[in-house]
Amino acid sequence: MRYLAAVIVASAFLSGCANQQTMSRDDFITTTQRKYDGVSEREFYKAAETVFKLSDKDDTDFAYPSEHAMIVEHDWSLYMVLAAARGTHTWQIKTEPADTDLTANAYVSMQAANMTGMPTGGGGASVMTSPSMQNMVNTPAIYELFWTRMDYLLDKSQDWPTCEDWEAKVDRGETYGTFDPLCVAMNTDDLLPEDMR
């Protein structure tokens, strides 16, 4: 069921039909920023890499434009019988170290295109491809999931939520928005931290 839902969400995303609540400026800043006491940048970025590798190691690439920044690209694709969607989630993560703590910011955007097969008669078919579109993510669910997993890896929490746990949280109305950049159906390993040991 989640696979079908992901294709529907991808189609809505691509057609611009997804009209949902977004965060205010203050909420966005609060949701995308965290402060960690006693955590070095090396520890922070190691934990961040682990978050993305547990989600989907094979389709994720990392770049470090400076010692205080990381860019993560996650390629994904979804295939149905007569339709497909593919795209990239791009994360921009920055840190500001201080004497005893570290302030970190995370921002993710999504770029996607879809393809639909159309019968042409006589047993033939053609493929219609939508232009690639990019959307910013201005809803809290994905950022809250990212920080909750970071808290676990940095020994600030005992809880590691799975994608299934987070889907239930959204369904209960405890948060809202997409969490696909860490939980794309069919493209996500959703491994547990102990699977990396």
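Annotation note: GluC sites (Glu not before Pro) in the range 32-86 located in DSSP loop regions with a Cβ neighbour count of at most 12 within 10 Å are Glu67. Sequence neighbours fewer than 8 away in the same chain don't count; with that in mind, list the aspartates and glutamates whose C-alpha is under 13 Å from Lys35. Answer for Lys35, where 13 Å is the Cα cut-off: Glu96, Asp99, Asp101, Asp151, listed by chain and number. Suppose a student asked you for the relative contact order of the range 136-197, using Cα pairs under 8 Å spaced at least 6 residues apart; what percent would you report? Relative contact order comes out at 39 percent. Taking a straight Cα-Cα cut-off under 18 Å and skipping sequence neighbours fewer than 8 places away in the same chain, the lysines within cross-link reach of Lys57 are Lys46.
Coordinate-derived values only; no laboratory data. Owing to the predicted nature of the structure, the values given are computational and were not obtained by experimental measurement. All Cβ positions, glycine included, derive from the backbone under ideal geometry; neighbour counts span all protein chains shown.
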